[in-house]
Amino acid sequence: MRRFCRKGAIYGDVSNDNKVLTKPTIHLNGSSAEGLAEGYRGAYSAVGDAIRAVQATAPNARDYYTQGPGAVSKADKEHRARLQRLSDVQKELEDLGVYCLNGGENT
């Protein structure tokens, strides 16, 4: 992992698809950039595990056909939306981690 030794407060905006994230200010009295990045990396990895677990629960038509036409399509759409939300969280964690790895500077 890269090391950062910065003096003073460093801040800026991190965006994810037009959503501005509130990110930590890297400064001497707060958490280190390295420590924050490590936390975001762990959370990113955990969300990746959750994505793989949710992928394994993909709807199977045999579990829905008794509900009538369109049930499996609706279940599949809901499943894809769950995966997208997890993917969005993972992207935010990645953006925040990269921000911290860059010492609190936007790239």
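Quick notes on this one:
- Residue in the stretch 81-104 that is part of a strand (DSSP E or B), of a type in the set (Gly, Ala, Ser) and at pLDDT below 95 present: no
- Pairs, first within 19 Å of Ala46 (Cα to Cα) in the stretch 66-88, second acidic (Asp, Glu), C-beta under 8 Å, six or more apart: Asp88/Asp17
- The stretch 1-57 - residue that is modelled with pLDDT of 95 or more and acidic (Asp, Glu) and, of those, surrounded by the fewest Cβ atoms within 10 Å (Cβ to Cβ): Asp49
- Here Tyr65 clears all of (1) more than 18 Å from the chain's Cα centre (by Cα); (2) surrounded by 17 or more Cβ atoms within 10 Å (Cβ to Cβ) except the condition numbered (2).
- Looking across the stretch 95-107 at every residue that is in contact with a Phe, Trp or Tyr (Cβ under 6 Å, 6 or more places away or on another chain) and under 12 Å from Tyr44 (Cβ atoms), the one that is surrounded by the fewest Cβ atoms within 10 Å (Cβ to Cβ) is identified as Gly97.
- Residue check for Arg85: within 19 Å of Thr22 (Cα to Cα) and loosely packed, with under 15 Cβ neighbours inside 10 Å: yes
- Looking only at the stretch 24-43, and only at residues there that are touching a residue at least 24 places away in the same chain (Cβ under 8 Å) and part of a helix (DSSP H, G or I), the one that is farthest from Asn102 (Cα to Cα): Ala43
The values are calculated or read from the model by the stated rules, or taken from the named source; none is laboratory data. Just so it is clear, the model here is predicted, and its values are computed rather than measured. Cβ: placed from backbone, ideal geometry, glycine included. Neighbour counts: every protein chain shown.
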